[in-house]
Structure formats: structure tokens, C-alpha cells
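Each remark here refers to the structure printed beneath this line.
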Amino acid sequence: MTESKGKKLRDLITIAVNEGASDLHLSAGHYPTIRVASGLIPLMKDGVLAPKDTEEMIIALLGEENANVFFQDKEVDFSYSIPDVVRFRGNAFFQMAGIGIALRVIPSEIKTISELNLPHVLEVFARKKQGFFLAVGPVGQGKSTTLASMVGLINKERAEHIVTIEDPIEYLFKPDRSLIDQREVRINTRDFHVALESAFRQDVNVIMIGEMRSIETISAAVTAAETGHLVLSTLHTNNASQTVDRIIDSFPATQQPQIRMQLAGSLLGIFSQRLVPRASGGLIPAYELLIATNAVSSLIREGRTHELDVLIETGTKDGMIDMNRSLSELVKRGEITPDSAYQHSFNPKGLERML
């Protein structure tokens, strides 16, 4: 990589950091672009990136050996750090004009649940000794940050062995009271399922799985939660009821009764979140929380997951949180606009009655 191209990459990273960007996009045929508070801003002064620019940038980000693998596979997830400056979760891919690179900024500091404006009830789940907890939502809505804050609380309060299985590793944990081993898929282990099966022989207390991508991983995660481990993970689903359906429907019909029983017995809760533009700038989370009460477990066991939404809406006394209630409270506090609330609501007509 030429010295000028190396400087260009460093300069673009510096701009992203200084502007408080959440993402940096480097795509051939386009201006370098940053995302600030959910809006995309092209860096037009830097000119349109040529195919050669992004090719040299990805070599710099991955190193030549890993870049050669990327050129064969056409896409890759990776992490990249500049010590004491910034850490990124990256994805590179080929598109019509050349290579595209998406870099998500990973804060060096792991914030607490309070600092993230998340509900304190998440601390209750972090203090559990066993069970299955999921943070769900679309890409870029803060799921990994939420789990990191929960792991951070465990690390601060308890002497546990924590194993994280990620692709790639995002937040870097500094051991406090806990022993924390972080494993990256393809670098430290072959895949999520292999690492999870191996964790059973590692005297582990808490397992954080970056994402459940296969039936084998889901099955092993549920089994781990049943056998005395606290398992934290994520799924790209919209809400709690969809999450339960996604897990069960991923299995063949003959295995679905068994996974229903296992999930009903091991589930602690499902936390669905959205990052909503704040009226004063920045982002603030709105969320839905399903808590696995006896009634919830019964609905899962009996295949009546379509009734879970009603339980959440009426389950305030049990600590559950309805997304519309979360959004309406943010509107009433002046944190977000009604328009933003409607855009992020699962049920806009129901929200209208609350505003």
C-alpha cells in the first residue's frame, strides 16, 4: 500500500472519530461517507474513491494473507484497531464498482446499563446464574452494546469464568473479578457451534454468543442454558414473539416439540431494542422486554406464541415493557418526536391511542 493511500485511510478514520460517527463507509465509485446520529454524510472534499483505493485499503485493514482469502470469498467480517484511538467491526464485500467496506465504530469504554439509558431490570438478568437471555433487533440497534454492558456488570460483581464467541470480537473486556476468554470465529475457533460445544469442557459460568446463525448453535445454546450456564446472545429479529417463532421454526417439524419444551424451561427474557434519533441530537434506545413468567413459558410450550404480544402489553406488573409504552414515555419526556415514535412502533395505531 502506498504511503499516500495509507495516509488517506488514517485521515478518514480520524474524521470519523472526531465527528463522533458510528460508521465509516469506503466504497469504490462513491465518496467516503460517515454516519452520524443515523444520518449519512458524504465527505465530498476527499473525492470519489477509485477501485484501486478500496483495494489497497482492505489490504491495509486485513493484512495480505487475510486479504487474499477475502479476494477468493468475496466478503468477510473482521475487526480492526488503532491502539488508544479506535476499534472497528468491519465488513468488506465486492459490488459493481469494486470493493465496499463498512466500518462500525466500537467504543473503547464499555458503558453501564444506566449510562446507555437502558432499563435497570437488565441488571436482574445479568445477575442470574443460569438461563437464556436474548437481545434482538435489526442490525445497528445496539444489541452487542447491551450484552457488553451486562457482561461488564458480571465482570465487576462476580468471580466467574466468562467465554465470549464472536465474529468478529467487538468490545475488549478487561478482567476485573471475572476471568474472561474471548474467542473469534475463524481465528480462535472454526465456528460458533464448535466453540460452544468446547465451552462445556472449559469450566465456564457465562457464555456470550455474538450471534446464533445455525440450528446447531441454537440447540447447543439452549442446552447450555439448561445445564447451569448463563447464556447471552443476539438474533436479527424484530420483537419477542418473532424471536421465539424464529428459533422454533429453524428446526425440522419433528424436533420442534422438543425445542419448545427446552426453550420454555430455559428462557429468561427477550429484549428488543431500537435506537431512535433524539430531539436534542444523538440516539436514545426504545425497547420491548419479554420476561419468561409461568404464563409465557406455558404459551411457548403450547405453541401459542401469537399471544405473547398481549402478555407483554398487559404484563407491566411482572416487569415487562411494551415498545409502544417505551416510545410514548420518550415522547412525553420530550426525548423524541411523535414522528420518530411512529416510525419505530410495531403497532402505530396502538401508539396513537397512547399519545
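The values are calculated or read from the model by the stated rules, or taken from the named source; none is laboratory data. Owing to the predicted nature of the structure, the values given are computational and were not obtained by experimental measurement. Virtual Cβ from ideal backbone geometry, glycine too; neighbours counted across all protein chains shown.
Could you tell me how many of the residues in the range 287-319 are assigned to a helix (DSSP H, G or I) and of a type outside the set (Ser, Thr, Tyr)? Steps first, answer last, please.
Looking only at the range 287-319, we keep the residues that are assigned to a helix (DSSP H, G or I), and these are 294-301, 305-314, 316-318.
If we keep only those that are of a type outside the set (Ser, Thr, Tyr) as well, we get 294-296, 299-301, 306-313, 317-318.
Within the range 287-319, residues that are assigned to a helix (DSSP H, G or I) and of a type outside the set (Ser, Thr, Tyr) number 16.
Of all residues in the range 266-281, count the ones that are touching a Phe, Trp or Tyr at 6+ places or on another chain (Cβ under 9 Å) and not in a helix (DSSP H, G or I). Steps first, answer last, please.
Applying the first criterion (touching a Phe, Trp or Tyr at 6+ places or on another chain (Cβ under 9 Å)) to the range 266-281 yields 266-274.
Among the residues that remain, those that are also not in a helix (DSSP H, G or I) are: 267-274.
Qualifying residue count, the range 266-281: 8.
How many residues does the range 232-265 hold that are over 18 Å from GLY137 (Cα atoms), outside any loop (DSSP other than H, G, I, E, B) and in contact (Cβ under 8 Å) with a residue 12 or more places away in the chain?
Final tally of qualifying residues: 7.
What tally of residues in the range 309-323 results from selecting those that are farther than 12 Å from GLY269 by Cβ and of a type outside the set (D, E, K, R)?
Keep residues of the range 309-323 that are farther than 12 Å from GLY269 by Cβ, which gives 309-311, 313-314, 316-317, 322-323.
Retained after the next criterion (residues that are of a type outside the set (D, E, K, R)): 310-311, 314, 316, 323.
The qualifying residues number 5.
Could you check LEU290 against (1) crowded, with 20+ Cβ neighbours inside 10 Å; (2) over 19 Å from ALA225 (Cα atoms) and say which number it fails?
Looking at each condition in turn, LEU290 falls short on (2).
Would the range 237-245 turn up any residue that is crowded, with 24+ Cβ neighbours inside 10 Å, assigned by TED's automatic domain parsing to the domain that holds THR145, touching a strand residue (DSSP E or B) at 6+ places or on another chain (Cβ under 6 Å) and of a type in the set (A, V, I, L, M)?
Yes: the range 237-245 contains one or more residues that are crowded, with 24+ Cβ neighbours inside 10 Å, assigned by TED's automatic domain parsing to the domain that holds THR145, touching a strand residue (DSSP E or B) at 6+ places or on another chain (Cβ under 6 Å) and of a type in the set (A, V, I, L, M).
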